[in-house]
Amino acid sequence: MNLLKYLPLQYLSVTWRRVALFLITLFAVVSLQHLIAAPTPAASSLSNNSTSSAIAVASVQNGDQLIAQSSDSTTVNLDSLTEEQKAQLNQIILFAGTFGLLAYVFTSFCLMKIADKLDIPNSWLSWVPIAQIWVMVRAAGKPGWWLILFFIPLVNFVIGLIVFFSIPTSLNKSSLYGLLLFVPILGVFLYFGLLAFT
C-alpha cells in the first residue's frame, strides 16, 4: 500500500509556514495582552477608601436619562492626574499612535500590492485615506460607486464585509481569508499580508 499518494508533500512547506505564522501571531497577541493588562504597583497600592470613592454610581434622574457620576462628586481631568498617571497616559497614547501608524503604512502598502496584482489603475490611491476604500472596492471586483455605500451608517458594515470577503476571491483564494479580520489586534496584518505576499 502506497501511503505517499495520500500525503501531499508539495503542500507541506505551505502548511508549516501557516503553522509558524499562527504561532507567531498567538505569541504576539499574548505578549501584547500581558503588556497592556499588566497591573501597576500604583494601582495595587490604592486604599479601599479611594477606590470606593472613585467608583461611578449610576442614578436615574429626569425620567429615563441615565447619568453617571462619582460618589464624591469629583471630576477627573488632566490637571488632577499625578505625574505617574500622566506618564502612563503618555505611554498609552504613544503606543496607540505608533500601532495606528504602523497599521496604516502596512495596510496601505499591502493594498497597493494587491491592486498591482489585479491590474487596478492608480494603485497609489491606496495611500490616500478615502480613496483607499475605492481601491478596496475595485479589488473586490465591485463597481466604483460602492464607495458611496461606505458613508451610509449600518450599510457600510454589510458592504465592508462583502468587500473584505470578496477581495480574496478576486485573487483566486478562499473567501474565508476574510475571517482573519476578526482575529484581535493582528487580524488586519494577517489579512492584508497574506493576500499581498502569497
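The values are calculated or read from the model by the stated rules, or taken from the named source; none is laboratory data. Just so it is clear, the model here is predicted, and its values are computed rather than measured. All Cβ positions, even for glycine, are placed from backbone atoms using ideal geometry, and neighbour counts span all protein chains on display.
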Problem set entry | Tally of residues being farther than 17 Å from Phe106 by Cα and not in a helix (DSSP H, G or I) across the range 120-163 | 14
Exercise. Among Gly144, Gly178, Gly187, which is the only one that is within 14 Å of Ile114 (Cβ to Cβ) and either touching a strand residue (DSSP E or B) at 6+ places or on another chain (Cβ under 9 Å) or modelled with pLDDT under 90 (or both)?
Worked result: Gly178
Seminar exercise, completed: Selection from the range 149-158 of residues among the aliphatic types (A, V, I, L, M) and either in contact with a helix residue (DSSP H, G or I) (Cβ under 6 Å, 6 or more places away or on another chain) or surrounded by 13 or more Cβ atoms within 10 Å (Cβ to Cβ) (or both) yields Leu149, Val155
Problem set entry | Residue satisfying all of: in the range 171-198; buried (at least 18 other Cβ atoms within 10 Å of the Cβ) and hydroxyl-bearing (Ser, Thr, Tyr); nearest to Ile133 (Cα to Cα) among these | Tyr191
Exercise. On the given criteria, is Ala131 more than 19 Å from the chain's Cα centre (by Cα) and surrounded by 15 or more Cβ atoms within 10 Å (Cβ to Cβ)?
Worked result: no
Problem set entry | Residue under evaluation Trp146, criteria (1) free of Cβ contacts under 8 Å to residues at least 60 places away in the same chain; (2) of a type in the set (Phe, Trp, Tyr); (3) closer than 23 Å to Leu101 by Cβ, criterion not met | (3)
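Which members of the range 164-188 meet the condition of being outside any helix (DSSP H, G or I) and either among the charged types (D, E, K, R) or closer than 13 Å to Met136 by Cα (or both)?
Kept after step one, since they are outside any helix (DSSP H, G or I), are these residues of the range 164-188: 171-174, 183-186.
Hits for the range 164-188 are Leu171, Lys173.
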For this session: Go over the candidates Leu118, Leu94, Leu89, Leu161 one by one and state the one that is over 17 Å from Phe189 (Cα atoms), touching a helix residue (DSSP H, G or I) at 6+ places or on another chain (Cβ under 9 Å) and without any contact (Cβ under 8 Å) to a residue 24 or more places away in the chain.
Result: Leu89
